[in-house]
Amino acid sequence: MATAEQIKSLIRSHLSDDDERFYTLSLQLAAHEARQGHGALAHDIREIVNKSRRTRGSNNLLKFPQVLSGMVLSEKSDTSFATLVLPKPLIGRIQRIIHEYRQQAKLKKHGLSNRRKILLLGPPGTGKTLTARVLAHQLRLPLHTIQVDKLVTKFMGETSAKLRQIFDLIRDQPGVYLFDEFDAIGGDRSLDNDVGEMRRVLNALLQFIEQDVSDSMIIGATNNPALLDRALFRRFDDVLHYEVPDEEGRRRLIENVLGSFKSRMGWKSILKESEGLSHAEIDHACRDAIKETILNDKKKVLTLTLVQTLHERNQTHQRR
Ligand SMILES: Nc1ncnc2c1ncn2[C@@H]1O[C@H](COP(=O)(O)OP(=O)(O)OP(=O)(O)O)[C@@H](O)[C@H]1O
Ligand SMILES: [Mg+2]
């Protein structure tokens, strides 16, 4: 239970109308209870605080300590689930994350917790960041992207301290926290390409992830799975693998992006030309084709136009 000091401080902050102090103290209380193993109570306290914050319009997107500025980017996501084109099993696993999050109280009653530490692996432009946006939107949480490369290179000596501050935020301000370019920090500890400092940072990160009992969603994303240490995988509740889209995925993506610009398309040549391209590259080619169509004062994208823009993407792709 709360200590006498905590109760007195809470009363004091309430009587002096200091909302922010009251919120902070309440969250400290929640953390205190979580440490005592009272997860459900901690969760309830955070819920009360966040509900009040939302209704009073307090903007919790901007409450980062100054030292973290430039390392954490915050946004309110409005990306709908329908934009995400992925194979059915992967969609199912994302839906399960959402479902468990929404039903977490039910799970907690049985001593279980919802999956909320997720690792996303796969080549560039296949929807990892997009998935984090969709999750944030679906769960009505702000999305905070931690730029891991900045965290490591800029503040080498202080990185562990920064990590601690980030995990304090994760605890105090529920949100979707995306550790992008996760491999910048998660490099295989057996690779001898860095000094002890990096190893310490990685160990600190592993510990923070393991100890975290917050209500936030922690997402790691990387396109370099070979670099990731096995110890990292164990820390996550779910590991999702992303791939470049197959025929069906390419067709759905193109139909989605072209929208009302879609005409009767010659799918055979389009699917052939788009083979091996990522979602992001196909998305780009579709937008190029739409632009050209608009500039030519036409209403529908011609197969030929799209094949041409896909071909251009393909050439850039191969040159890389
Ligand atoms: N699975 C997908 N479904 C629909 N659109 C996608 C998908 N993947 C990527 N896109 C499109 O490409 C853009 C970039 O994708 P995203 O940022 O999610 O890639 P990523 O996997 O995070 O890549 P990186 O490894 O480079 O960070 C998205 O904003 C979206 O327009
Ligand atoms: Mg990304």
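Rounded to the nearest Hz, the phi-derived 3J(HN,Hα) couplings of segment 211-223 under the Karplus curve 6.51 cos²θ - 1.76 cosθ + 1.60 (θ = phi - 60°) are 7, 4, 10, 7, 9, 7, 9, 10, 10, x, 10, 8, 10, where x marks glycine and proline. Scalar couplings 3J(HN,Hα) for segment 88-100, obtained by applying the Karplus form with A = 6.51, B = -1.76, C = 1.60 to θ = phi - 60°, are 3, x, 5, 4, x, 6, 5, 4, 5, 4, 5, 4, 5 Hz; x denotes Gly and Pro. Computed per residue of the chain from DSSP H runs no shorter than four, each worth -39500 (n - 2.57), the mean residue ellipticity at 222 nm is -17000 deg cm²/dmol.
The reciprocal of the average 1/r between distinct C-alpha atoms defines the Kirkwood hydrodynamic radius, which for the chain equals 21.9 Å. A simple packing score, the average count of other Cβ atoms within 10 Å per residue, orders the peptides 256-263, 213-220, 113-120 as 213-220, 113-120, 256-263, with the highest score first. I need the shape label for segment 4-58. Rule: rounded when a/c is under 1.5, else prolate if a/b > b/c, else oblate, with a, b, c from the alpha carbon gyration tensor. In terms of gyration-tensor shape, oblate. Taking the centroid of alpha carbons for each part, segment 112-144 and segment 269-320 are 28 Å apart.
Taking θ as phi - 60° and the Karplus parameters 6.51, -1.76 and 1.60, the scalar couplings of segment 294-302 work out to 4, 5, 8, 6, 10, 9, 10, 6, 7 Hz in sequence order, x denoting glycine and proline. In this structure, the amide hydrogen of Val239, modeled 1.01 Å from its nitrogen in the peptide plane, lies closer than 5 angstrom to those of Leu119, counting only residues at least 5 positions away or on a different chain. Beta bridges assigned by DSSP with both partners in the chain are antiparallel in approximately 20 percent of cases. The local environment of Phe236, defined by Cβ-Cβ distances under 11 Å, has a net charge of +2 under the rule Lys, Arg +1 and Asp, Glu -1. Across segment 214-320, the relative contact order, built from alpha-carbon pairs under 8 Å that are at least six residues apart, equals 27 percent.
Bear in mind that the values in this text are calculations on the coordinates, not laboratory data. Predicted model, so just to flag it, every value in this text is computed and none were measured. Note: ideal-geometry Cβ built from the backbone for every residue, glycine included; neighbour counts use all protein chains shown.
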